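The structure appears below as structure tokens.
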Amino acid sequence: MQVIKYVFQPHGDDRGQLISLEEFKDIPFRIKRVYYMYETAKGIVRGKHAHKNLEQILVCIHGTCKVKLDNGMEAKIVPLEKPYEGLYVSSNMWREMFDFSSDAVLMVMASELYDENDYIRDYDTFLEYISTGNF
Ligand code: T46
């Protein structure tokens, strides 16, 4: 399984850093939605689902966390520790976010609007769904 981690180019000067992300340039899809999570309680695992169509880029813009990606055949754990790193998460990929530092802010840029029908929230259903290859 190939993990795609983008390294964004900061516009740094003596005032500090600034990162700008543009759709189709820095982000490989139209950004229809941005959301972020913070004040994640200790020991919490978020996600635990896959999406049928949604593509996303996850950026831990403050603090740190880890993301487990699982395509049904292989799983990898990716640490997100820098505000200039973006993890691409494709559709048909089980994801879990965990090990959040208390100051973590995880921002997500998404290719689609929120749609509960796009979620697969049961792991066995996910395995069954990808085994059909009908997507
Ligand atoms: C994903 C991972 C990385 C909305 O109303 N609008 C939204 O855009 C989102 C993302 C969530 N919600 C509501 C739905 C739930 O009542 O917010 C609540 C928490 O959402 P959820 O339990 O799905 O959050 P996570 O952290 O488990 O998963 C989220 C995204 O839902 C998901 O698409 O890939 O982050």
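The values are calculated or read from the model by the stated rules, or taken from the named source; none is laboratory data. Predicted, not measured: the structure shown is a model, and the values here were computed from it. Please note: Cβ atoms are built from the backbone with ideal geometry, for glycine as well, and neighbour counts cover all protein chains shown. The area values use the complete protein model at the heavy-atom level, side chains included, leaving out ligands, DNA and RNA. Shrake-Rupley method; radii C 1.70, N 1.55, O 1.52, S 1.80 Å.
Below, the figures for the structure above:
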| read-out | value |
| --- | --- |
| Cα long-axis angle, helix 123-132 against the chain (0 to 90 degrees, to the nearest 10) | 70 |
| Accessible surface of the chain [probe 1.4 Å, protein heavy atoms]: carbon and sulfur percent | 49 |
| Rg/Rg_ref, the stretch 58-104, where Rg_ref = 2.2 N^0.38 Å and atoms are Cα | 1.14 |
| Top of 125, 40, 64 by mean-square fluctuation, Gaussian network on the chain, Cα under 10 Å | 125 |
| Semi-axis lengths, Å, the stretch 20-135, gyration tensor of Cα atoms, sqrt of 5 times eigenvalues | 22, 18, 12 |
| Length-normalised contact order of the chain in % [C-alpha pairs under 8 Å, at least 6 apart] | 33 |
| Theoretical ellipticity at 222 nm over the chain - DSSP helices of four or more residues, -39500 (n - 2.57) apiece, nearest 500 | -2000 deg cm²/dmol |
| Selection of trypsin sites (Lys or Arg not before Pro), the stretch 35-89, meeting DSSP coil and at most 12 other Cβ within 10 Å | 42 |
| Accessible surface, the stretch 1-117, averaged per residue in Å² (probe 1.4 Å) | 59 |
